Each structure stands twice: as structure tokens, then as C-alpha cells.
């Protein structure tokens, strides 16, 4: 019995020591990565605001501010991906054998040109003529089924999950969060449990049988 306790105690000590060692190694592997993202297409370097800063294969990142500055905690050996609307995506690998825990760079990005085919727009002679042509348009069953497939909730949900936010969307989301926090600064945010309008909506839904229909579905 004493021998078994000794073995269990030895295993626990080994696991704790291994966990502490891994934590120290990971902490020593962290780097404060910061810098500027500039437009290097012309001689006059200008900041690239709201550019996406993504740590590749780690599902996290940041973005630049109005002056093109960014700062993010990464690990040595991580690959950092810089992307922005209208610019070519570039990558930078944090040196694995670097000294210290801080790294600063100036990342240049070049504009990406898209050549679109020429489009000629011809106006309709009148609103009445457009209405007649629109009502006379023959929509085939193939087009209808294709439209229904593209608007299916499963397809839209998949697109929302795989399509990444661009710089403007990330900035809007961050600014909305900041505005919400600043609006209630110094006071307790309201709770819907004390909101009479929310209670009225709840009782109306209850009377209409919305919750019962959900259970049956």
C-alpha cells in the first residue's frame, strides 16, 4: 500500500513539473509584435488603415489603426499575414531564434489591380417599358432552383463562417463595442429583466403560442 502511494505521488510530481516547464517555455516563447503597415506602391509612404493582421493557423489577430500601427502578442516562429482590400496579401515569419521578447517591423504593401471587363449600360426608354419587360420576363425553373439554393440558410450560414472580415468590418465591430462600453461608463448597464417592454413581448409571445410551436417543431 505504501509503495502504491509512493508511485502515485511520484507520477503527480512528474506531471506538475512537466506542466510548469511547458508553461515557462511557452511564456518565454511569447513576443510583443508591433509595427507599421505602409503603402509601398509609390515613393510617398502612407499608412494602410484597418489592415487585417492575422496569426496564420491560430484563428486570432488584430488590425491597424488610422495611422497604420498595430501591436499583437505572438509566438516565435508564427507566420503573420497582412491583408487589406485593394492590396496584395503578404506574410512575415517571426524569427524562431530571435533574442528578447519584442519585435518591431515596417511592413510595406503594394496595391493590387483588378482589370474588369468593359460594361456598357443602356437605359430603358421609360418606366412603363421597363415594367412591361420585367413582367414579361420568363424565369426558368433552373434559375428558380439556383436562386433558392443560393439563399438557403445553410449556404448563407456557411458563407458567414468562412468569409473573413475585412478591415472596415473589423473596425466597425470594434468601434461599436467601444461605443457600447463608453455609453454606460460609470454606471451599471441595463438588464432586460427590469425592462417592461421586454416582459410585454415575452407575454405576447406566450399568449400567441410561439414557444409551444417551437417545442412541437
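Taken along the Cα-to-beta-carbon direction at a fixed 7 Å, the label points for residue 126 and residue 174 span 5.5 nm.
Taking label points 7 Å from Cα along the Cα-to-Cβ direction, residue 147 and residue 85 give a separation of 2.7 nm.
Computed extension length for residue 195-residue 45: 48.8 nm, one decimal, from 0.36 nm per residue of separation with the Cα-Cα distance subtracted. Between residue 59 and residue 112, the simple spin-label model (points 7 angstrom out along Cα→Cβ) gives 2.4 nm.
Bear in mind these aren't lab numbers, they're just calculated from the coordinates by the rules spelled out. A quick note: this is a predicted structure, and the numbers were derived from the prediction, not measured. Note that each Cβ is placed from the backbone with ideal geometry, even for glycine, and that neighbours are counted across all protein chains shown.
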